[in-house]
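Below: the structure, in structure tokens.
Laboratory data are not the source of any read-out in this text; all were calculated from the coordinates shown. Only a predicted model underlies this, so the values are computations on that prediction, with no experimental measurement involved. Heads up, the Cβs are rebuilt from the backbone with ideal geometry, glycines too, and the neighbour counts pull from every protein chain shown.
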Amino acid sequence: MLTSQKGEVAVELLVFVGIMLMILVFFIALIGTRIIETNESRLLTKARNIVDTISNEINIASRIEGYYREFYLPERIDGDTYSIIIHEELRTVEILWDGKNMLSSFATGNITGSVKAGKNTIKNEGGVIKFES
């Protein structure tokens with residue numbers, strides 16, 4: 001009789017430990033998913049800030065004749081290099097990085113030059129918005 005009770009306790013202990021391990025794995029997976037989502041959200045926010053900075057500079061420059069300003073863009077987005085494309089005909093700024101992209105629109109269509117990571121200069125000369133990197 002005593003052996004039967006020890007065996008039953010051992011089986012119950014194994015079942016209890018198994019259930020606890022499954023709960024632990026579930027919570028670890030849930031936490032991992034949350035971390036990935038948070039990192040992705042932070043990355044998208046950084047990209048959004050870059051394209052919004054550029055489109056805001058274009059919009060301000062288009063309203064003020066003789067406007068001149070230097071501004072800086074980060075060299076990388078979380079370790080990834082990126083490129084910036086100004087679609088003059090669509091009046092949008094696009095940032096491309098790691099197979100992803102983000103767009104922001106601006107008001108004018110008369111733009112020359114390009115924008116790059118690092119130091120940039122924007123000016124309004126006779127209604128033409130000029131970028132120099």
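Some observations on this one:
- Were the residues from Ala10 through Phe26 laid out at 0.36 nm apart, the gain over their Cα-Cα distance would be 3.3 nm.
- Choice from Ser104, Ser41, Ser55 with maximal GNM fluctuation in the chain (Cα, 10 Å cutoff): Ser41
- Charge dipole (debye, nearest 20) of the chain; +1 at Cβ of Lys and Arg, -1 at Cβ of Asp and Glu: 180 debye
- Nearest 10 degrees, 0 to 90: helix 2-63 Cα axis against the chain principal axis: 0 degrees
- Per principal axis, descending, Cα span of the chain in whole Å: 100, 24, 22
- Listed residues Val128, Leu103, Ile60: farthest to the positive end of the dipole of the chain (Cβ charges): Ile60
- The range 113-129-the range 56-77 distance, computed between alpha-carbon centres (Å): 7 Å
- Partners for Lys130 among lysines (Cα-Cα distance below 22 Å; same-chain residues under 8 apart left out): Lys116, Lys119
- Distance between the modelled labels on Ser83 and Ile19, one decimal in nanometres: 5.7 nm (7 Å Cα→Cβ projection).
- Distance in nm between pseudo-label sites at Arg69 and Ser114 (7 Å out along the Cβ direction from Cα): 2.3 nm
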